Amino acid sequence: MFGEKIKLIREMRGFSQENVATKLGIAQNAYSRIETNQTKLESGMLVKLSEVLGVSPMDILSSQPAIVNLQSNKGTQQSFGYVENVISGQKELYEKMLEGKDAEINRLNKIIEKLLSKQ
């Protein structure tokens, strides 16, 4: 559920999966399973991951786009293209989250309809 957001934050930071996995003390394929939502994100791992990515655990868990410090590694100047890409990435993530919400609502409505038709 949070994998896409974690991936976006990691990419905005310019980190590879291997780099983050190493900092977390896990294998790259184990980290990949977090980003693809194949592994449940336990609270301890959430805290470690948020520290590695430089965001709060709530930034990861929230349905709102994460607020990420956009300063480049070359001092305090920001690259306009980089900021534009980050905004675009967060917009895409938000749209995917909305699509997921809509799909879940549709799925639940179908279940409700089936239950009501059995009465």
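The values are calculated or read from the model by the stated rules, or taken from the named source; none is laboratory data. Computed from a prediction, not measured in an experiment: that's the story for all the values here. Using ideal geometry, Cβ is built from the backbone for each residue, glycine included, and neighbour counts are taken over all protein chains shown. These area figures cover heavy atoms from the full protein model, side chains too; ligands, DNA and RNA do not enter into them. Shrake-Rupley method; radii C 1.70, N 1.55, O 1.52, S 1.80 Å.
On a 30 Å Cα-Cα criterion, which of the cross-link pairs LYS48/LYS101; LYS91/LYS118; LYS5/LYS114 come out too long? Write out the running numbers ahead of the final one.
Numbers: LYS48/LYS101 27 Å; LYS91/LYS118 41 Å; LYS5/LYS114 33 Å.
Beyond 30 Å between Cα atoms: LYS91/LYS118; LYS5/LYS114.
Can you list residues whose amide H is under 5 Å from ASN37's amide H, if they're 5+ apart or on another chain and H is modeled 1.01 Å from N?
Result for ASN37 returns GLY3.
Please report the net charge: other residues with Cβ closer than 12 Å to the Cβ of ILE60, K and R +1, D and E -1. All intermediate terms of the calculation are to be shown ahead of the outcome.
Details: positive: LYS5, LYS7, ARG10, LYS48; negative: GLU4, GLU35, GLU51, ASP59.
Local charge sum for ILE60: 0.
Taking a 1.4 Å probe, which of SER56, SER50 shows the most accessible area, and what order do the others take after it?
SER56, SER50
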